[in-house]
Amino acid sequence: MRSKKLILAMLLSTVVASQGLYEFRAFTAFRQTERKTESVQFVDYCDLVRASEKYSGQKVQTRAIVVAVVAPTAHGPTVLYSPDCDGKNNRVIVADHQTLLIPKKESRKLDRAFENQKTERKFARVEIKVTGKFKFPMNTTIYKHLPSLEIISVEEIKQVKDDVPWPLL
């Protein structure tokens, strides 16, 4: 199969070279589209926190609930959790307001979702499908004992139903 591609490429470059610069540019664009893109593995959130070392350094996609401090004067971490495997050690930091920040475009998406909530709490939460670079705790945030997810994109946002438990303290 590889040799067929090589022969085809040689034939195309010969034809393109004889046709002039315009076609050569088209050939270059065609060759660039053949490059492989980095694949992103979907990982169940509970599997991600149970096998943190396995996924450390990898680009992953997961579905979880993100909890953020929304009171105007409060600061605190923004974390992911799942009621299916809740516990203090099963949180993932996505923002700590110092070393780990959410990209502005993605942060605006989350802010709009939080604003739609009518709550008296200092915290807001939404369920998200998120892609990011996962890091096992390696002193990458001020919360050194927890893994982190450097958010690349937020693909889906859904409001969390009232009967879904909040994270355990």
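The values are calculated or read from the model by the stated rules, or taken from the named source; none is laboratory data. Source: prediction; values computed, not measured. Because the Cβ atoms are built from the backbone with ideal geometry, glycine has one as well, and the counts that use them run over all protein chains shown.
Details
- Some residue of region 27-42 being modelled with pLDDT of 95 or more and out of contact with any helix residue (DSSP H, G or I) (no Cβ under 8 Å at 6 or more places or on another chain): yes
- Listed by first and then second residue, the pairs linking a residue in region 123-139 that is closer than 16 Å to Y55 by Cα to a residue that is of a type in the set (D, E, K, R) and modelled with pLDDT under 85, with Cβ atoms under 8 Å apart and 6 or more places separating them unless they lie on different chains, are P137/K144.
- Selection of first residues in region 36-55 that are surrounded by 12 or more Cβ atoms within 10 Å (Cβ to Cβ) and hydroxyl-bearing (S, T, Y) and of second residues that are assigned to a loop (DSSP other than H, G, I, E, B) and modelled with pLDDT of 90 or more, restricted to Cβ pairs under 6 Å at least 6 apart or on distinct chains, gives the following pairs, ordered by first then second residue: Y45/S82.
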